[in-house]
Each structure stands twice: as structure tokens, then as C-alpha cells.
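Worksheet for the structure shown next.
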Amino acid sequence: MNLKILGRALRVRWLWLSRTSEPQPTLPARVDPITQSFFNASIKCEIGDGNSTLFWSDPWLEGSCLSALVPDLVDTASIRCRNRRLVATALSEPDRVIWKWCPSGLYSCSSAYQAFFVGQSALLGAKELWKVKAPNEFRLFFWLAIQGRCWTS
């Protein structure tokens with residue numbers, strides 16, 4: 001278990017709760033850019049009344065945010081305009097935030113932890129290598145060779 005990634009998955013929970021539950025009287029927590037980017041990539045916003053969706057920075061348009069689709073347009077808008085909620089308030093249903101990594105659309109720490117590893121592949125033969133009865137120096141050498149990091153002259 002990778003504790004660093006588990007910590008990130010738990011910090012994503014605070015971002016999820018800040019978007020989906022009633023505001024709580026807590027101190028604002030600083031979030032590192034990697035965790036914030038992961039959260040933004042892991043949610044999709046369904047617009048209802050537009051009260052909780054930010055027009056420029058939330059992923060509401062085909063699962064992407066406008067700042068990613070048309071960055072030049074976002075650069076021309078002022079910061080004050082980007083932070084204003086621009087979606088029409090004529091709609092009555094509240095906005096929904098959907099977690100992409102669970103079929104239910106709700107956040108779970110285990111799905112966030114597993115999502116950090118999406119796209120990674122295990123080294124073939126790495127588990128078997130550590131079961132071989134050989135001196136540690138040989139196993140370490142072959143492990144580096146499997147990874148393509150065998151530095152020899």
C-alpha cells in the first residue's frame with residue numbers, strides 16, 4: 001500500500017465533501033496542485049440551478065472545463081468574471097457532482113486510491129524474482145535489469 005497516494009485519496013475526500021454537502025464551519029484547507037488536478041479530472045458536474053457550478057473551472061461541458069477546452073478565451077476573461085457564477089438561475093433542480101470512478105457516482109476512498117494507479121502496469125516477472133533463492137545482490141541486479149535501469153559500463 002502506498003501511503004502517500006492513500007493520503008492524497010483522503011484529501012480528495014475533503015474536496016468531495018466541500019462540493020457535495022452543506023457548508024461546514026471549518027478552516028479552509030490548502031490542497032496541493034496534484035490532488036486538485038486529480039479531483040477536477042475525477043468529477044463531472046451536471047448543471048441544475050447553477051448555484052454550485054463555476055462556469056469557467058468546473059467540468060460541466062462534455063466532462064471538461066472551459067479553461068481546458070478554450071484556454072485563450074479564459075485568459076481574456078478577468079479573474080472577477082471567472083469567479084462569478086454565470087449559469088442561469090431559472091432552473092430549479094440543484095447541481096450534481098458525479099464521481100467518475102464509481103458506478104454509483106459517489107466518492108469512495110478505495111476508488112480514489114485505485115484511480116491513482118489507472119494506466120500503470122506491473123513489471124512482468126518482478127514478483128517471481130523476489131521468490132527466487134539467490135543472494136540479494138543478484139536479485140537487486142535483475143530487478144534493475146527488468147526495469148531497464150541496469151547501469152553497467
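The values are calculated or read from the model by the stated rules, or taken from the named source; none is laboratory data. Remember, predicted model here, so these are calculated numbers, not experimental data. No Cβ is skipped: glycine too gets one built from the backbone with ideal geometry, and neighbour counts run over all protein chains shown.
Once region 109-153 is narrowed to residues that are polar (S, T, N, Q) and surrounded by 10 or more Cβ atoms within 10 Å (Cβ to Cβ), the residue that is farthest from residue 42 (Cα to Cα) is 147. Select from region 115-135 the residues that are assigned to a helix (DSSP H, G or I) and at pLDDT below 90 and write down the one among them that is farthest from residue 39 (Cα to Cα). By that ranking, first place goes to 131. Of all residues in region 65-79, those that are farther than 24 Å from residue 42 by Cβ and assigned by TED's automatic domain parsing to the domain that holds residue 39 have Cβ atoms under 8 Å from Cβ atoms of residues that are assigned to a loop (DSSP other than H, G, I, E, B) and at pLDDT 70 or above, 6 or more apart or on another chain, in 77/56.
Within region 118-137, residues that are under 30 Å from residue 101 (Cα atoms) and without any contact (Cβ under 8 Å) to a residue 40 or more places away in the chain sit with their Cβ atoms under 7 Å from residues that are surrounded by 10 or more Cβ atoms within 10 Å (Cβ to Cβ) and not acidic (Asp, Glu), at 6+ positions apart or across chains, in these pairs: 123/146; 123/147; 125/146; 126/143; 126/146. Within region 58-90, restricting attention to residues that are of a type in the set (A, V, I, L, M) and either buried (at least 16 other Cβ atoms within 10 Å of the Cβ) or modelled with pLDDT under 70 (or both), the residue that is farthest from residue 38 (Cα to Cα) is 90.
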